[in-house]
Structure formats: structure tokens, C-alpha cells
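Inspection log for the structure reproduced underneath, given as C-alpha cells.
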Amino acid sequence: MSHRDTPLTLLGDLTPAEFMAEYWQQKPLLIRGAFPDFLTPLDADELAGLACEEGVEARLVEENGPAGPWQVSHGPFDDATFERLPEENWSLLVQAVDHYVPAVANLLDEFDFLPRWRVDDIMISYAPPGGSVGPHVDQYDVFLLQASGQRRWQLGNKVADNAPIIPGIDLRILQKFDLEPGSDWVLEPGDMLYLPPAWAHHGVSQSDDCMTISVGFRAPSADEAVTSYADYLGEQLPPSTRYSDAGMAPVEDASEIDDDALERMRRLILDTLDKPAQISQWFGRVMTQPKYVDQLIPHDPPLNEAQLVAELQKEPLHHAPGSRFAWRTDGNVTTLFADGDGFVCTQELAQRVATPRPLHEDILELPEATALLTQLVNAGSLYWQLEDEEE
Ligand code: SIN
Ligand code: CO
């Protein structure tokens, strides 16, 4: 039996195959006890500490802020910010906690029936009683795992792209939220709610220790994909590839753009874009683009291959926090994608490197491993962990 046909507690005893067929991208699923006896991997003080650090993306949402209703402020925050907050009706939201807390990153292993490159990040929120970000929709799939305390979740239905939002505030809050009958639950620690994109939802803290973990997914919009793919291709196209009308008949009316002209342009665009090998190379790069590009720290000074081998014999290599890997084989050529770059290597090596496990020196037995690992260490995608970072 393949792992996709094994019922999972995480999915309320559905198999991954059943979950994907019936719920993923289609409808919400409430899972009581998805993580039995769940203990939050960090507490509210630790989350607030992260929100005070430079480079960490954090937001504070105050329903009745000093500057007006639904005030949003951005981190880094300081002690004074937290001291001035009221006892109710605010939320602190910290993005990409998986980049900073290994125990949070480890939660991603539970979702490995989904492509890892679809994951965006793990956001964690804290809210005292009444805290919420208002009824809204997100364009992404999300698993909302209750980490501590209680949150009441109310769901609406799927909402159109142009659903009216409250004007004049920094948050996208729906003007109209229609509770779907039967979609009103209080989640306890370890309970989880899966939401597909565009589903209206409203989560309100019911306790003074409400923490919610959002495992969020990314999917490029057609708008982003077309622009980004065109940019990628554009860099490789010679200036001589352009609109051409050799052999055309003389025109009747010199001002008209006729059907033949339009068809020539359409063919140029479609033939230029429809390149499976290029789409493959672009897609791997885009989906492994780090969330925060400046978090990658290149090895300084760069290592040579002999130094890499010597270091790897001492300590295993780890995937840098926030680094993203994927691989793909086209015909008989495999590309390992790492942090927006592509490296041709054997499929076995690509799979080993892309799997989120430490890399030990035995990997050097694989052909071309030394050169590849040296490049990845120098780029900052792989690194040697400091002792105090280990779990
Ligand atoms: C929250 O954790 O407060 C909000 C999460 C969400 O609604 O997407
Ligand atoms: Co949301």
C-alpha cells in the first residue's frame, strides 16, 4: 500500500488520495485532533520576541487602534508597543516562522503528500480574547492549526474576486460576510481547519493564549506567471526574432490591421512561448525562489571542492532555513532547482539534495556531488549548522 492510501490522523482519517480528490482546492475540511496532544512549538512571548527582530516580517492588527479602526502596523516592534496594547481585540501575525524555529519547520514533514515547492511559509498569530483580522478571503490554500488556546472559526462560502471590501482601512475585510450554516466551530489545540483559496473565513480568539499556525501554500497567478516567464524567455531571445510579413499581398487600406497581420503576431507570440523545455526551467526556478532573497547568505570567502570535502567529513550539511529545493527530469536530463537557480546533475543526486534531511559525507560517493555541493554551499542554500541551533 502506497503512503497516499494510508489513512492519516492529520486528515481526520482520510487518506491523502481521498483528501486530494475531495477537498484540496475544492472545499474546507475541519479536522478535530489532527495533531493529538499538540503542544505549541513556541509560546506567545517567543513569538513577540521574533516580531521585535530586524528582518522578520510581522504585523499588528488593532481593531480599535490609536490611529483608527483596523489599524495595521509593521514590525520590527519593541517592548513599548506591546505594553501599550489593550487587553482585547488585537492580533500579532508573524510570517515565515519556519525560517527561524526548526520545530515549526518540522511540521512541514506532515504535509509531504503535497509538493514541497507549493508551500509558501508557516505564519503564526497570537491574539488575546476578541482578536481577529476580520472576515476575509485569501488567495491561497491554508491549513489553520490551533496551537494553543481557542479560536472560533466561522466560514462563509466561496467569494467572487470583486466582492466588496471595507474602504479606507489597511486590511482587506469583506463588507458582507454570510455565515454558511453549520460552519461555526471553536478549535482547540491540535484541531485544524483546511481552507481552499477564495473561501470567506473569520477567526476570533476566545482565550488569552490563542495561537494559530497557518501552513500557507503558494500558486503563481496567471498575471505573475505570464510576466515572469516572458521576462525569463525575453533574456534569451535574439533581437532578430520579430514580427515578419515576407510574402504578404499589397494592402487595400494602408491603415487597417487585417486578420493576416494579427495572425502573424499571434503565431509569433504563441510559438515563442510554447517551449516545454524553457517552461520547465523557468517553473523550477520560480517555485524555488526564496520568500526573502536577502536571507540567503553566500559563503564568504567561497569554498573550493577540497575544503568542502574536508568540512563535510567533519559535519553534515543542512538546508539553509528558507532555502527551497525541487527537481525535475526532462527526457534524460535532470535539473536540481535551488533558490531560483538550476543545476544539471543525476536524478539520484538531485533527489538526495532536494530531500529536507541533513547531507552526510556518503553523498560524495555520487558522481558530481562534490562540485554541486560546493556551489550550493557557496550560494548559501546549504550550510553547516552552529551547535546551538541544533534541536
Ligand atoms: C489569524 O491567524 O489570525 C488569521 C489567519 C487567517 O485568517 O488567514
Ligand atoms: Co485568512
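Taking N as the residue count of the chain, its C-alpha radius of gyration divided by 2.2 N^0.38 Å amounts to 1.16. Accessible area of residue 260 (1.4 Å probe, protein heavy atoms only, ligands and nucleic acids ignored): about 100 Å². Taken one residue at a time, the phi angles of segment 280-289 give Karplus couplings (6.51, -1.76, 1.60, θ = phi - 60°) of 4, 5, 5, 5, x, 5, 5, 6, 9, 4 Hz. Gly and Pro are set to x. Amide H contacts of residue 120: 216, 217, 218, each under 5 Å away and 5 or more positions distant or on a separate chain (H built 1.01 Å from N in the peptide plane; Pro and chain starts excluded).
Approximating the spin labels as points 7 Å out from Cα along Cα→Cβ, the residue 166-to-residue 362 distance works out to 5.7 nm. Qualifying GluC sites (Glu not before Pro) in segment 307-389, where qualification requires a DSSP coil assignment and no more than 15 other C-beta atoms within 10 Å, comprise 368.
The calculated FRET efficiency for residue 118 paired with residue 351, based on their beta-carbon distance and R0 = 22 Å, is about 0.80. Qualifying trypsin sites (Lys or Arg not before Pro) in segment 142-200, where qualification requires a DSSP coil assignment and no more than 10 other C-beta atoms within 10 Å, are lacking entirely. Reported to the nearest whole Å, the Cα centre-to-centre distance from segment 337-387 to segment 13-92 is 33. Stretched out straight at 0.36 nm per residue, the stretch from residue 314 to residue 74 would grow longer than its current Cα-Cα span by 82.2 nm.
Computed 3J(HN,Hα) for segment 266-277, one whole-Hz value per residue from the Karplus formula 6.51 cos²θ - 1.76 cosθ + 1.60 where θ = phi - 60°, is 4, 5, 4, 5, 5, 5, 5, 7, 7, 10, x, 5, glycine and proline marked x.
Beta bridges assigned by DSSP with both partners in the chain are antiparallel in approximately 100 percent of cases. In summary, segment 137-270 shows an alpha-carbon radius of gyration equal to 1.77 times the 2.2 N^0.38 Å reference for compact globular proteins. Evaluating 6.51 cos²θ - 1.76 cosθ + 1.60 at θ = phi - 60° for every residue in segment 148-155, the Karplus couplings come out as 7, x, 10, 10, 8, 10, 10, 10 Hz, glycine and proline recorded as x.
Under 5 Å from the amide H of residue 65 lie the amide H atoms of 70, 71, each residue being 5 or more positions distant or on a separate chain, with H modelled from the backbone and absent for Pro and chain starts. Solvent-accessible surface of segment 245-391, averaged per residue with a 1.4 angstrom probe and all protein chains in place: 60 square angstrom. Kirkwood hydrodynamic radius of segment 90-215, from the reciprocal of the average inverse Cα-Cα distance over all distinct pairs: 15.1 Å.
Rolling a 1.4 Å probe over the protein heavy atoms of the chain, with every protein chain left in place, gives an accessible area that is 52 percent carbon and sulfur.
Overall dimensions of segment 218-272, expressed as equivalent-ellipsoid semi-axes from the Cα gyration tensor (√(5λ), whole Å, largest first), are 30, 14, 8. Given R₀ = 25 Å, what would the calculated FRET efficiency be for residue 52 paired with residue 207, taking r from the Cβ atoms and rounding to 0.05? Once rounded, the FRET efficiency stands at 0.60. Mean-square fluctuation check for the chain, GNM, Cα pairs under 10 Å: which of 194, 100, 243 is largest? Looking only at 194, 100, 243, the biggest GNM fluctuation is shown by 243.
The label-point distance for residue 236 and residue 24, in a model that sets each label 7 Å from Cα toward Cβ, rounds to 2.8 nm. Net length available on complete extension from residue 109 to residue 198 is 29.5 nm, with 0.36 nm assigned per residue and the Cα-Cα distance removed. Computed with a 1.4 Å probe over protein heavy atoms only, the accessible area of residue 374 comes to about 10 Å².
Length available on full extension from residue 279 to residue 333: 0.36 nm per residue minus the Cα-Cα distance, which gives 18.0 nm.
The values are calculated or read from the model by the stated rules, or taken from the named source; none is laboratory data. Since this is a predicted model, take the numbers as computed values, not measurements. Cβ coordinates were reconstructed from backbone atoms using ideal geometry, including for glycine residues, and neighbour counts include every protein chain displayed. In case anyone asks, the SASA skips ligands and DNA or RNA and just uses the protein heavy atoms, side chains included. Shrake-Rupley method; radii C 1.70, N 1.55, O 1.52, S 1.80 Å.
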